Amino acid sequence: MARKLIEPKVALATRNAGKLRELRHLLSGCGIQAASACELGLKEVAETERTFVGNARLKALDAAESTGLPAIADDSGLEVDALGGEPGVATADWAAAPDGRNYRLAMEKVWEALEAINAPEPRKARFCSTICVAWPDGHCEFFEGYASGRIVWPMRGELGFGFDPIFVPDGFARTFGELEPARKSRISHRARSIEKFKNGCLSA
């Protein structure tokens, strides 16, 4: 049985504005006071692990140890079947640019890689999200969520972030970048991992 989160204030171990916005929306109404990494003055943690679980643990433990608060971290990424699961854990690295992360460039890289191998349609992919909840004593709980779909081109939509404009979830005709946030929040990988967190750590 997962450890219950009884403290009202938690640290959200992310500096990603889009991810922070989604996490706060998904956690609204739970009685949690969520402070971001920027608000708490937390440094950025190098994501040196080779799995989503490993990187989520790194970020959550660092935030919990630095603040003395329970901390929630999300490590997530896009896995494209025809690319052997890449970008995967290296999703953010594909967006690396001299002036910070450039996801338009990263999306172009994904499409060019698919074109280079003449990958057949549909170009299947999935978004993965691993939530780690860490306490200052080092205890961790993990919750995973997935959203399956396909890669499309050209990019469509301005409502999401990251790779959202090239990902159409199964059962939909619009990309995550075109879906209203309220609609996306019911079907996304992060929505599913947060729902498991709520059921595991918040439910009586």
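The values are calculated or read from the model by the stated rules, or taken from the named source; none is laboratory data. Model, not experiment: these values are computed from the prediction. Using ideal geometry, Cβ is built from the backbone for each residue, glycine included, and neighbour counts are taken over all protein chains shown.
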Item to check | Only one of A92, A73, A82, A106 that is farther than 30 Å from M1 by Cα, under 14 Å from the mean Cα position of the chain (by Cα) and either in contact (Cβ under 8 Å) with a residue 24 or more places away in the chain or part of a helix (DSSP H, G or I) (or both) | outcome: A92
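Can you tell which of G18, G85 is under 20 Å from A147 (Cα atoms), touching a Phe, Trp or Tyr at 6+ places or on another chain (Cβ under 6 Å), surrounded by fewer than 18 Cβ atoms within 10 Å (Cβ to Cβ) and not charged (D, E, K, R)? Quick ask: steps written out before the conclusion?
Values: G85 fails: touching a Phe, Trp or Tyr at 6+ places or on another chain (Cβ under 6 Å).
One residue alone meets the criteria, G18.
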Checklist entry - Within region 185-197, is there a residue that is in a strand (DSSP E or B) and surrounded by 17 or more Cβ atoms within 10 Å (Cβ to Cβ)? => result no
Checklist outcome for this item: Across region 109-148, the tally of residues that are among the basic types (K, R), surrounded by fewer than 19 Cβ atoms within 10 Å (Cβ to Cβ) and closer than 12 Å to P169 by Cα stands at 1
Checklist outcome for this item: (1) crowded, with 18+ Cβ neighbours inside 10 Å; (2) under 15 Å from the mean Cα position of the chain (by Cα); (3) among the hydrophobic types (A, V, I, L, M, F, W, C) all hold for I151 apart from (2)
Checklist outcome for this item: Counting only residues in region 127-161 that are among the aliphatic types (A, V, I, L, M) and in a loop (DSSP other than H, G, I, E, B), the one modelled with the lowest pLDDT is identified as L159
Checklist entry - Hey, any hits in region 143-154 for a residue that's of a type in the set (A, V, I, L, M) and free of Cβ contacts under 8 Å to residues at least 40 places away in the same chain? => result yes
